[in-house]
1. Are any residues in region 44-75 in a helix (DSSP H, G or I) and crowded, with 17+ Cβ neighbours inside 10 Å, and if so, which ones?
2. Under 8 Å by Cβ, and 6 or more places apart or on different chains, what pairs join a residue from region 86-111 that is free of Cβ contacts under 8 Å to residues at least 12 places away in the same chain with one that is exposed (fewer than 12 other Cβ atoms within 10 Å of the Cβ)?
3. Any idea how many residues of region 112-126 are in contact (Cβ under 8 Å) with a residue 12 or more places away in the chain and open to solvent by 40 Å² or more (accessible area, probe 1.4 Å)?
4. Just need a number here: residues in region 30-43 that are open to solvent by 60 Å² or more (accessible area, probe 1.4 Å), among the aliphatic types (A, V, I, L, M) and in a helix (DSSP H, G or I).
5. Looking at LEU15, LEU27 in this structure, which one is touching a Phe, Trp or Tyr at 6+ places or on another chain (Cβ under 8 Å), surrounded by 13 or more Cβ atoms within 10 Å (Cβ to Cβ), among the aliphatic types (A, V, I, L, M) and over 16 Å from ARG123 (Cα atoms)?
6. Condition first: buried (at least 16 other Cβ atoms within 10 Å of the Cβ) and under 21 Å from VAL23 (Cβ atoms). Can you find one or more residues in region 97-109 that meet it?
7. Need pairs with beta-carbon distance below 8 Å; first residue closer than 18 Å to ASN16 by Cβ and within region 49-70, second of a type in the set (Lys, Arg) and open to solvent by less than 30 Å² (accessible area, probe 1.4 Å); sequence gap 6+ or separate chains.
8. Kindly provide the set of residues from region 53-84 that are hydrophobic (A, V, I, L, M, F, W, C) and in contact with a Leu (Cβ under 9 Å, 6 or more places away or on another chain), ordered by number.
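The values are calculated or read from the model by the stated rules, or taken from the named source; none is laboratory data. These figures come from a predicted structure and were not determined experimentally. All Cβ positions, glycine included, derive from the backbone under ideal geometry; neighbour counts span all protein chains shown. We work out accessible area using only protein heavy atoms, side chains counted, and drop any ligands, DNA or RNA first. Shrake-Rupley method; radii C 1.70, N 1.55, O 1.52, S 1.80 Å.
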Amino acid sequence: MIGNSFIRFALVGLLNTAIGYGVILFLHYKLDFTPAFANLGGYLIGALISYLLNRSFTFSSTRPHSEAIPRFIFIAAICFAINLLVLHFALSILSFNFELAQALALTTYTVAFYLASRFIIFRQNKINPT
């Protein structure tokens, strides 16, 4: 059911964001990483959590990692690009304020990434009866 999987997807997103942010703070304040490298570390940990939990908890996927991981990376990059395009469009063409533009971009990213995760990344392979 889409409703349940979207709620699970949102919960995973909140969790990976919180943990990723915690990693960023830890790397910067405790290990003295630069903000850029701390951000990269937090993003990578968040992405790993997102992949693992969405694969198992959200979509109960059995798609092999060798198929799902490249799709995950590719789709995440595309959704991030969509996020940036929506942000730019909302700021420059629609003249939205920053907060509203970010909210629109984030919503677009979340919906696009959910749909791609459900129907492309973690979609179950159908077995054709012979």
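1. Correct list: ILE45, GLY46, ILE49, SER50, TYR51, LEU53, ASN54, ARG55, THR58, ALA68, PHE72, ILE75.
2. LEU91/PHE98
3. Going through region 112-126 one residue at a time, the tally reaches 5.
4. Within region 30-43, residues that are open to solvent by 60 Å² or more (accessible area, probe 1.4 Å), among the aliphatic types (A, V, I, L, M) and in a helix (DSSP H, G or I) number 2.
5. Every option except LEU27 fails the conditions.
6. yes
7. Within 8 Å, the pairs are ARG55/ARG63.
8. LEU53, PHE57
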